[in-house]
1. Looking at the chain only, what percent of DSSP beta bridges run antiparallel? Nearest 5 please.
2. When Lys and Arg each count +1 and Asp and Glu each count -1, what net charge do the other residues less than 15 Å away from Leu115, Cβ to Cβ, add up to?
3. For segment 60-114, which trypsin sites (Lys or Arg not before Pro) pass both filters: DSSP loop (anything but H, G, I, E, B) and at most 13 other C-beta atoms within 10 Å?
4. Mind listing which GluC sites (Glu not before Pro) in segment 199-281 are in a DSSP loop and have 16 or fewer other Cβ atoms within 10 Å?
5. Quote the FRET efficiency, to the nearest 0.05, computed for Ala280 versus Asn254 with a Förster distance R0 of 30 Å and r equal to the Cβ-Cβ distance.
6. Work out the length of the dipole vector of segment 29-291 about its Cα centre, built from +1 on the beta-carbon of each Lys and Arg and -1 on the beta-carbon of each Asp and Glu, and round it to the nearest 20 debye.
7. Looking only at Pro184, Pro107, Pro136, which one moves most when the chain is put into a Gaussian network model with springs between Cα atoms under 10 Å?
8. Amide H to amide H under 5 Å from Val68: which residues, 5+ apart in sequence or cross-chain, H placed 1.01 Å off N in plane?
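Please treat every number below as a calculation from the coordinates, not as lab data. Everything quoted here is computed from the prediction, not taken from an experiment. Every residue, glycine as well, gets a Cβ built from its backbone with ideal geometry; the counts of neighbours run over all protein chains shown.
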Amino acid sequence: MNRVLYATCSVVLSVVGSRPAGAQVTTRPVPMALWLNGAPGASGRDSAGVPTIALYRPVAGTATGAAVVICPGGSYALLADHEGHTIALWLNSLGVTAAVLKYRLAPRYHFPAPLLDVARAIRTVRARATEWGIDPNRIGVMGFSAGGHLASTIATHFDAGDSSSADPMERVSSRPDIAVLAYPVISMVDGITHAGSRRNLLGDTPSAELVAALSNEKHVTPQTPPTFIFHTANDPVVPVENSLLFAAALRAANVPFELHVFERGPHGVGLASGDPVLGAWPTLLHNWLRLRGFAR
């Protein structure tokens, strides 16, 4: 939630033929709208009401066939660039295709808009898997801070799709095959949640039923996907209890998980490049992604 930058649609299309063989692409792919005829519940067709994904593809010959939809953090009010573009490039270096999600945000949009957006993003990647060289059974979701809440929401509130829909994107499942949660908001319960994220997602006076429905530690089942979680014990913004509660729920449901809690560190570190301690977490995640058959 710190070091937050606005996501922008002013992007540069990567031209594969213009880079040296084997070089890493660092320019930004052109985002694609998730709904061609407008997102459900959108109040306009301006950028704020048009959720998109930007597809980052690994260097030719290095792709593993796995993909991850990335949900940057930002209190459900902004999108942190270092939790989107930078993460996508890192995943590409592991052979993983990345789709950075621009989901709808407060103050104009609240629940369920962000959940509809991430579900549509996963469905889109799955529906276009053959076209994009992706295994439809190896599509994950990754989220940071409030984006971690969104990722954990789709990991616990997915559906199988509507086989009768005229829209091919809506016919496929929105269930991610893995979830990666970095210093995530998980609960909406007072004393545990991040108040700004809750307010931006649910409004000033949400009902007890809505708070319970979006407290994702309460909705883990054996069908929740295997999950990797990273947090710091003294996180001053999002209490570590969020990750601990989710890990406990995964354990109770016999869902495979890996939890790493570092003793100290600030919130919103992204890949923590240059930090000799927190900078170890991407290596731990890389090893886990290899274990799950996602990374090379």
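1. 25
2. +3
3. Filter output for segment 60-114: Arg108.
4. Passing sites in segment 199-281 are Glu263.
5. The calculated FRET efficiency here is 0.60.
6. 400
7. Evaluated over the chain, the most mobile residue of the options is Pro107.
8. Counting only residues 5 or more places away or on other chains, the set is Thr97, Ala98, Ala99, Gly140.
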